[in-house]
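K.L.:
The following block contains the structure, expressed as structure tokens.
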Amino acid sequence: MNRQLEGIAQFGGHLTDEVHLAADRRIWQQINDGLLAQAPNEACVFVLTRPSSGVIRTTAILGEVLWPEPGDVKSTPRRLEISADYISRVLDSATDAGPSVGICLVHTHPKSELGEGVAEFSPRDDWYERRLFPTLVVGRQNSIAASIVLGSSGDVNARVWWEGNGGVLTQDVHAVRIVGPELTIIETPSSCWTDHPDPLVMDRSTRLWGKEGRRRLQNLRAGIVGCGGTGSISIFALATMGIGKMLGWDKDIAAAQNRHRTAGITRDCVGKPKVIALKALAESVATAEPFEMKCWQDWGTTTEGLKRLKDCDIIFCCVDKFAPRVPLNDLAYAHLIPTLDMSSWIHFDGNKQVDALMTHAHVWSPGIPCAWCRETLSSRILIQEAQGNQRNIENRATYGMPMNETDGVEPSVLPLNMLGVSLALMQFMQVALKITDRTPRDLKFFLTNWELDESDRAIRPDCECISSIGAGDTLIIRPVTMD
Amino acid sequence: MEPSSDLKDAVRELSEQSGHLFSVSPRPVTGTSLFVVHTDDQPFRPEYTVPSGVFGFRVPFNFPDAGPEDSFFIRPVEIKLRSPDPVRGSIELHRAAKVDGFVAESALGNVPVLIFSWHLWNKTPWNRRKHKLLDHYTHCIRRFELPEHDS
């Protein structure tokens with residue numbers, strides 16, 4: 001849909017292979033409700049954007065909605081006129097918000113006496129935006145601007161604008177991600193999604209989530225951080241379910257001791273990187289077509305890994321430490337990428353007898369309490385982890401007790417890990433396919449009570465999972481490596 | 001593992017704001033992911049037999065996402081009270097305990113230190129976006145200045 005026009009702004013630029021827009025569900029709803037209420041007249045609003053820059057994908061994240069004041073916009077069913085005052089006020093807001101903050105113009109093609117409104121940029125839209133966007137982007141090289149047209153039946157078309165070496169350029173947006181407790185992806189006319197060439201192989205699961213669900217799974221890109229006890233089972237399950245694109249990270253070498261609780265580690269894989277074994281496993285069971293899995297023998301929370309994770313639609317957090325959960329939790333809210341955190345834990349009593357087993361699965365996404373709200377993460381927990389074999393040394397010291405060093409190796413068993421992954425996969429179906437009305441908070445299964453518990457912790461009003469939603473690249477996320 | 005630029009910057013800022021020259025260990029303490037942050041010239045309370053010495057604390061590698069430990073240490077470990085505290089009648093520092101291996105790999109060498117353990121961050125939890133090492137240092141000093149029989 002690249003149209004080459006000459007003039008102030010050019011159509012046909014190339015920012016990255018994929019371009020997305022993303023919005024917190026509440027913001028998207030607010031924009032839609034506010035604009036479509038003015039039908040049959042067209043309507044418009046400016047929204048601030050923040051960039052989320054991956055390796056192959058750039059996402060412009062919608063933020064503050066700057067509604068027009070009376071007299072700012074004159075509208076009819078066929079056209080809009082925006083006042084210079086409104087544009088000027090919006091520019092001031094973007095400037096005040098920072099150099100990476102861009103501007104998005106959203107307008108509607110509502111249903112009218114002419115019929116349904118179609119989400120297509122009209123020649124008049126092209127003409128107007130070519131003249132408007134240079135004003136909005138020149139001198140703001142770190143920002144990504146955007147324009148969106150909303151049709152009357154939920155269809156969307158969009159494009160991004162930026163200042164490149166060749167002047168002001170634009171590229172069509174491939175999809176819009178609406179992110180709340182669940183993930184909705186609206187394809188634009190430029191979508192590069194494809195259908196499975198032989199849908200019959202998916203028949204039984206398609207009967208649950210429908211053709212749209214099958215198409216979504218076929219085209220989702222899932223990141224799996226950690227390919228051990230829970231990550232390996234997640235990879236096996238996601239590939240089997242028909243996920244079409246997967247990225248995996250793990251720095252470890254497969255050992256013979258991993259085999260009893262890690263999927264895909266055959267005898268031949270011992271001594272080789274775990275990710276190689278898991279890639280082979282995924283390719284052997286994948287039902288999506290085409291299917292692609294890329295993997296890196298590294299921590300997923302390095303600077304490079306965190307950048308690649310911004311290419312993902314959903315992330316599975318399968319790490320076995322608390323520290324890497326910090327950047328992954330931040331990424332989920334700031335970059336609007338729902339993340340499923342899972343882990344298992346086995347506790348010993350004073351006689352070194354197992355007295356409790358637990359596995360949990362927790363969705364990190366706007367509208368659901370984050371790991372800090374849930375207190376999966378706290379400064380105290382991170383300190384304890386960093387204390388390593390000196391854990392609680394300061395407490396023991398004051399009472400004069402001797403230091404007891406631990407070997408630091410925790411038990412891990414396949415059924416417990418598999419149960420945690422299963423909980424996470426149920427949450428995945430909810431987040432990606434909305435199979436019920438409500439996404440649960442943190443789910444924990446406890447032994448010895450044989451009890452499945454949903455956390456009753458609410459979002460803390462002062463938590464960063466509220467203040468950082470949609471902050472994108474403007475939020476500093478620190479990489480974590482466990483070397 | 002080396003200290004992060006965030007931690008090194010924070011230690012530099014602490015030196016500027018506290019007026020004491022702090023340094024961070026080049027490597028974490030053996031068996032941990034904690035770096036030692038210390039100064040050699042901390043004035044001690046007049047009740048102590050040593051007027052000044054080493055003062056420090058340990059900071060996780062992922063600072064400021066994780067704050068400093070809820071404790072601090074001093075050296076030399078031979079410090080006593082000039083006169084017995086009125087509650088216990090002893091010149092020992094009952095609030096502190098001598099521990100080996102706490103500062104291994106720091107510029108101090110693998111020497112014993114006296115650890116003071118407190119709930120420094122129990123009332124106001126560490127806020128990774130807000131709190132600085134100076135806040136931790138201020139907490140430590142405030143508790144350090146309390147009477148010896150406080151606990």
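The values are calculated or read from the model by the stated rules, or taken from the named source; none is laboratory data. Since the structure is predicted, the reported quantities are computational estimates derived from the model, not experimental observations. Methodologically, a virtual Cβ is constructed for each residue, glycine included, from the backbone with ideal geometry; neighbour enumeration extends over all protein chains shown. Ligands, DNA and RNA are stripped out before the accessible areas are found, and what is left, the full protein with its side chains, is counted by its heavy atoms. Shrake-Rupley method; radii C 1.70, N 1.55, O 1.52, S 1.80 Å.
K.L.:
B:Ala104: within 15 Å of the chain's Cα centre (by Cα) and farther than 16 Å from B:Val37 by Cβ, yes or no?
P.N.:
Details: within 15 Å of the chain's Cα centre (by Cα): yes; farther than 16 Å from B:Val37 by Cβ: no.
So B:Ala104 does not fit the description; no.
K.L.:
Then there is this: Specify the residue that is modelled with the highest pLDDT; the eligible residues are those in the range A:2-25 that are open to solvent by 40 Å² or more (accessible area, probe 1.4 Å) and not in a loop (DSSP other than H, G, I, E, B).
P.N.:
Looking at the filtered set, the residue picked out is A:Arg25.
K.L.:
Here's a follow-up. Can you tell me which condition B:Tyr48 does not meet? The list is (1) open to solvent by less than 10 Å² (accessible area, probe 1.4 Å); (2) of a type in the set (Phe, Trp, Tyr); (3) within 25 Å of A:Val480 (Cβ to Cβ), and all the others hold.
P.N.:
Unmet for B:Tyr48, out of (1) open to solvent by less than 10 Å² (accessible area, probe 1.4 Å); (2) of a type in the set (Phe, Trp, Tyr); (3) within 25 Å of A:Val480 (Cβ to Cβ): (3).
K.L.:
Scanning the range A:157-192 for residues that are part of a loop (DSSP other than H, G, I, E, B) and over 20 Å from the mean Cα position of the chain (by Cα), which turns out surrounded by the fewest Cβ atoms within 10 Å (Cβ to Cβ)? Steps first, please.
P.N.:
As a first pass, look at the range A:157-192 and keep what is part of a loop (DSSP other than H, G, I, E, B): A:165-166, A:173-174, A:180-182, A:188-192.
Subsequent filtering for residues that are over 20 Å from the mean Cα position of the chain (by Cα) retains A:165-166, A:189-190.
Working: A:Asn165: 6, A:Gly166: 9, A:Pro189: 16, A:Ser190: 16.
Applying the filter and picking the extreme gives A:Asn165.
K.L.:
Now for a separate question. Answer yes or no: is there a residue in the range A:443-460 that is open to solvent by less than 30 Å² (accessible area, probe 1.4 Å), in a helix (DSSP H, G or I) and at pLDDT 85 or above. Outline the logic, then answer.
P.N.:
As a first pass, look at the range A:443-460 and keep what is open to solvent by less than 30 Å² (accessible area, probe 1.4 Å): A:443, A:455.
Among the residues that remain, those that are also in a helix (DSSP H, G or I) are: none.
No, that holds for no residue.
K.L.:
I've got another one for you. Hey, could you check the range B:21-42 for residues that are within 13 Å of the chain's Cα centre (by Cα) and surrounded by fewer than 18 Cβ atoms within 10 Å (Cβ to Cβ) and say which is nearest to the other protein chains (Cβ to nearest Cβ)?
P.N.:
B:Asp40
K.L.:
Assuming A:Gly271 fulfils every condition listed in (1) out of contact with any Ser or Thr (no Cβ under 6 Å at 6 or more places or on another chain); (2) within 17 Å of A:Lys294 (Cα to Cα) apart from one, which condition is it?
P.N.:
Failing condition for A:Gly271: (2).
K.L.:
Further question: Please count how many residues of the range A:262-285 are open to solvent by 30 Å² or more (accessible area, probe 1.4 Å) and under 24 Å from the mean Cα position of the chain (by Cα).
P.N.:
Number of matching residues: 2.
K.L.:
Within the range B:50-67, track down each residue that is farther than 20 Å from B:Arg142 by Cβ, in contact (Cβ under 8 Å) with a residue 40 or more places away in the chain and more than 8 Å from chain A (Cβ to nearest Cβ).
P.N.:
Listed by number, the residues that qualify are B:Phe63, B:Pro64.
K.L.:
Kindly provide the set of residues from the range A:97-121 that are touching a residue at least 12 places away in the same chain (Cβ under 8 Å) and open to solvent by 20 Å² or more (accessible area, probe 1.4 Å), ordered by number. Reasoning before the result, please.
P.N.:
First, pick out the residues of the range A:97-121 that are touching a residue at least 12 places away in the same chain (Cβ under 8 Å): A:97-114, A:116-121.
Correct list: A:Ala97, A:Pro99, A:Ser100, A:His109, A:Lys111, A:Ser112, A:Glu113, A:Leu114, A:Glu116, A:Val118, A:Glu120.
K.L.:
Filter the range A:205-253 down to the residues that are in a strand (DSSP E or B) and either touching a Ser or Thr at 6+ places or on another chain (Cβ under 6 Å) or surrounded by fewer than 19 Cβ atoms within 10 Å (Cβ to Cβ) (or both) and list them by number.
P.N.:
The initial filter retains those residues of the range A:205-253 that are in a strand (DSSP E or B), namely A:221-225, A:245-249, A:253.
Answer for the range A:205-253, where residues must be in a strand (DSSP E or B) and either touching a Ser or Thr at 6+ places or on another chain (Cβ under 6 Å) or surrounded by fewer than 19 Cβ atoms within 10 Å (Cβ to Cβ) (or both): A:Ile224, A:Ile253.
K.L.:
Then there's this: I'm trying to understand the selection: among the residues of the range A:131-156, which are more than 15 Å from A:Leu62 (Cα to Cα) and of a type outside the set (A, V, I, L, M, F, W, C)?
P.N.:
Step one: filter the range A:131-156 for residues more than 15 Å from A:Leu62 (Cα to Cα), giving A:131-142, A:151-155.
Residues satisfying the conditions are A:Arg131, A:Pro134, A:Thr135, A:Gly139, A:Arg140, A:Gln141, A:Asn142, A:Gly151, A:Ser152, A:Ser153, A:Gly154, A:Asp155.
K.L.:
Something else about it: From the residues in the range A:296-316 that are open to solvent by less than 30 Å² (accessible area, probe 1.4 Å) and over 12 Å from the mean Cα position of the chain (by Cα), which one is farthest from A:Leu433 (Cα to Cα)?
P.N.:
A:Thr302
K.L.:
Which of the residues belonging to the range A:126-142 are outside any loop (DSSP other than H, G, I, E, B) and surrounded by fewer than 19 Cβ atoms within 10 Å (Cβ to Cβ)? Can you show your working first?
P.N.:
Filtering the range A:126-142 for residues outside any loop (DSSP other than H, G, I, E, B) gives A:126-137.
Those that are outside any loop (DSSP other than H, G, I, E, B) and surrounded by fewer than 19 Cβ atoms within 10 Å (Cβ to Cβ): A:Asp126, A:Trp127, A:Arg131, A:Pro134, A:Thr135.
K.L.:
Does A:Ala323 meet the test of being part of a helix (DSSP H, G or I) and either open to solvent by less than 10 Å² (accessible area, probe 1.4 Å) or within 14 Å of chain B (Cβ to nearest Cβ) (or both)? Let's see the steps before the verdict.
P.N.:
Values: part of a helix (DSSP H, G or I): no; either open to solvent by less than 10 Å² (accessible area, probe 1.4 Å) or within 14 Å of chain B (Cβ to nearest Cβ) (or both): yes.
Answer is no for this residue.
K.L.:
Another one. I'd like the residue in the range A:345-377 that is of a type in the set (Gly, Ala, Ser) and surrounded by 13 or more Cβ atoms within 10 Å (Cβ to Cβ) and, out of all such residues, is farthest from the chain's Cα centre (by Cα). Please lay out each step first, then the result.
P.N.:
First pass over the range A:345-377, keeping only residues of a type in the set (Gly, Ala, Ser): A:350, A:356, A:361, A:365, A:367, A:371.
Then drop every residue that is not surrounded by 13 or more Cβ atoms within 10 Å (Cβ to Cβ), which leaves A:356, A:361, A:365, A:367, A:371.
On the way: A:Ala356: 33, A:Ala361: 17, A:Ser365: 8, A:Gly367: 14, A:Ala371: 15 Å.
Among those that are of a type in the set (Gly, Ala, Ser) and surrounded by 13 or more Cβ atoms within 10 Å (Cβ to Cβ), it is A:Ala356.
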